[in-house]
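Remarks on the structure that follows.
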Amino acid sequence: MKYIHDTLNFCVEEASVITLGKFDGLHRGHELLMHEIQKQKEQNGFKTIVFTFDIPPRKRVYAAKAKELTVNEEKRYIFEQSGIDYLISCPFTEEVMCMEAEAFIRWIVESLSVRCFVVGSDFHFAHNCSGNYEVLQQYEEKYGYKTIVMPKVQEDGRDISSTFVREEIEKGNIQKANRLLGYPFFAKSDVIHGNRIGHTMGIPTVNMAIPEDKMIPPFGVYITRTKVDGVWYKSVSNIGRKPTVGEDNPIGLETFLLDFDKDVYEKNILVEFLDFIRPEKRFESLEELKQQILCDIETTNKYYENITKVC
């Protein structure tokens, strides 16, 4: 995959099929779009392009402060796994924000050799969201492309959307959020140095800083799975402020990897959230905290044992 970012001067010379959107979390609704652009590639030999913006447009237009399911590094990781040819993270500048619908279409078609747009039925673009799939259809003959409109995917009688996923994560419904996404909600970041309290208890953990814009589940302990150097490990994670070891700690993600004893400082790792164990709480002593962590590890082991039995 070629990743194009920090520029408005992008160019693809080969005929392409493109899908556009915020793509905050590549959820099951987005998967329809991805399957269709791959289908168009197989049938017509098109290069596949995903076009998104470097920040959610609502942040600049409305000064919105909503958290993101996937920050840019995580979004790039997801699309690298999907097999697309190009991911464009377009700067959402004043120029782009004020572009009218036809001008935007002409810019995209001419810069990226677009022969096919694949969009959702609720897709909007251009200044004041004046463009939609019907506007795309109006200019098909003039600019030489076709438009494919994909239906919405529903769960519990509701359209699957990034907002729907965020709501479930805020409630702590990790398993439902994962069903909506079609994969486990995750955090991906560099390992940082912690206070080494886990080492003193004989339960060494790895610490990750959470980007300010990253959506996180309620503070607590979760059954997780962690990827280090391409290998997956069973793990248990705490997200929160670690109140037992101090006050006013920054929000962070602390993970204990089962059957693992390597140095991971400064490595970039990925932690998937699988299920909730308990809320974060303050313990009266480190020994009490240690005993609870050992119980959390036991709960995690039983979870994985049950999965193995089902499989």
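Only one of the listed residues (E68, E95) is buried (at least 18 other Cβ atoms within 10 Å of the Cβ), over 19 Å from R115 (Cβ atoms) and of a type outside the set (G, A, S). That residue is E68. Residues that are outside any helix (DSSP H, G or I), modelled with pLDDT under 95, of a type in the set (A, V, I, L, M, F, W, C) and surrounded by fewer than 17 Cβ atoms within 10 Å (Cβ to Cβ): does the stretch 41-57 have at least one? Within the stretch 41-57, one or more residues are outside any helix (DSSP H, G or I), modelled with pLDDT under 95, of a type in the set (A, V, I, L, M, F, W, C) and surrounded by fewer than 17 Cβ atoms within 10 Å (Cβ to Cβ). Flag set for R282, criterion: in a loop (DSSP other than H, G, I, E, B) and not β-branched (V, I, T). Considering the stretch 211-241, and only residues there that are under 17 Å from the mean Cα position of the chain (by Cα) and closer than 19 Å to F260 by Cβ, the residue that is most open to solvent (accessible area, probe 1.4 Å) turns out to be R225.
Looking at D259, D263, just one residue is open to solvent by 40 Å² or more (accessible area, probe 1.4 Å), at positive phi, out of contact with any helix residue (DSSP H, G or I) (no Cβ under 9 Å at 6 or more places or on another chain) and without any contact (Cβ under 8 Å) to a residue 40 or more places away in the chain, and that residue is D259.
Looking only at residues that are open to solvent by less than 10 Å² (accessible area, probe 1.4 Å) and over 17 Å from P57 (Cα atoms) in the stretch 11-25, which one is nearest to the chain's Cα centre (by Cα)? Checking each candidate, the answer is I18. Within the span defined as the stretch 71-78, every residue fails to be farther than 30 Å from E212 by Cβ, hydroxyl-bearing (S, T, Y) and touching a Ser or Thr at 6+ places or on another chain (Cβ under 9 Å). Number of residues in the stretch 270-300 that are under 29 Å from L180 (Cβ atoms) and surrounded by 14 or more Cβ atoms within 10 Å (Cβ to Cβ): the value is 13.
The values are calculated or read from the model by the stated rules, or taken from the named source; none is laboratory data. All figures in this text were calculated on a predicted structure; none of them were measured in a lab. Backbone-built Cβ (ideal geometry, glycine too); neighbour counts: all protein chains shown. Surface accessibility is based on the protein's heavy atoms, side chains included, excluding ligands, DNA and RNA. Shrake-Rupley method; radii C 1.70, N 1.55, O 1.52, S 1.80 Å.
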